[in-house]
1. Please find, within segment 57-69, the residue that is surrounded by the fewest Cβ atoms within 10 Å (Cβ to Cβ) out of those that are within 15 Å of the chain's Cα centre (by Cα) and at pLDDT below 95.
2. Across segment 28-56, what is the total count of residues that are over 12 Å from residue 72 (Cβ atoms), in contact with a strand residue (DSSP E or B) (Cβ under 9 Å, 6 or more places away or on another chain) and not in a strand (DSSP E or B)?
3. Inside segment 32-50, can you point out the residues that are surrounded by fewer than 16 Cβ atoms within 10 Å (Cβ to Cβ) and closer than 12 Å to residue 16 by Cα?
4. Yes or no: segment 5-16 includes at least one residue that is touching a helix residue (DSSP H, G or I) at 6+ places or on another chain (Cβ under 9 Å) and exposed (fewer than 14 other Cβ atoms within 10 Å of the Cβ).
5. Here is a check on your reading of the model: is residue 72 surrounded by fewer than 20 Cβ atoms within 10 Å (Cβ to Cβ) and either at positive phi or part of a helix (DSSP H, G or I) (or both)?
């Protein structure tokens, strides 16, 4: 599993409470299953049926959409380590292009 997929599916699992197997299956149809997709403005649909979504903001950080489920918004507060790891990887990858 590539690093981007690992980081974003782990974040999905922590945000939605879904098992990793579910999040890994969701990845394929997520809308942004490459770094380029996410950075270029595509939304990443989480494993809660797509109600909650991630996007890359201002070329610097991953954010949760305002329309995301309240449970996911609450979980977001406790996932900052995972978000920072994802952002760091994305920014390092972009820097090396």
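1. Among those residues, the one meeting the criterion is 59.
2. Just the residues of segment 28-56 that are over 12 Å from residue 72 (Cβ atoms), to begin with: 28-44, 55-56.
Subset that is in contact with a strand residue (DSSP E or B) (Cβ under 9 Å, 6 or more places away or on another chain): 29-33, 35, 37-44, 55-56.
Subsequent filtering for residues that are not in a strand (DSSP E or B) retains 29-33, 35, 37-43.
Final tally of qualifying residues: 13.
3. Scanning segment 32-50 gives 49, 50.
4. Taking every residue of segment 5-16 in turn, none turns out to be touching a helix residue (DSSP H, G or I) at 6+ places or on another chain (Cβ under 9 Å) and exposed (fewer than 14 other Cβ atoms within 10 Å of the Cβ).
5. For residue 72, the condition - surrounded by fewer than 20 Cβ atoms within 10 Å (Cβ to Cβ) and either at positive phi or part of a helix (DSSP H, G or I) (or both) - is not met.
The values are calculated or read from the model by the stated rules, or taken from the named source; none is laboratory data. Note that this is a predicted model, so its numbers are computed, not measured. Virtual Cβ from ideal backbone geometry, glycine too; neighbours counted across all protein chains shown.
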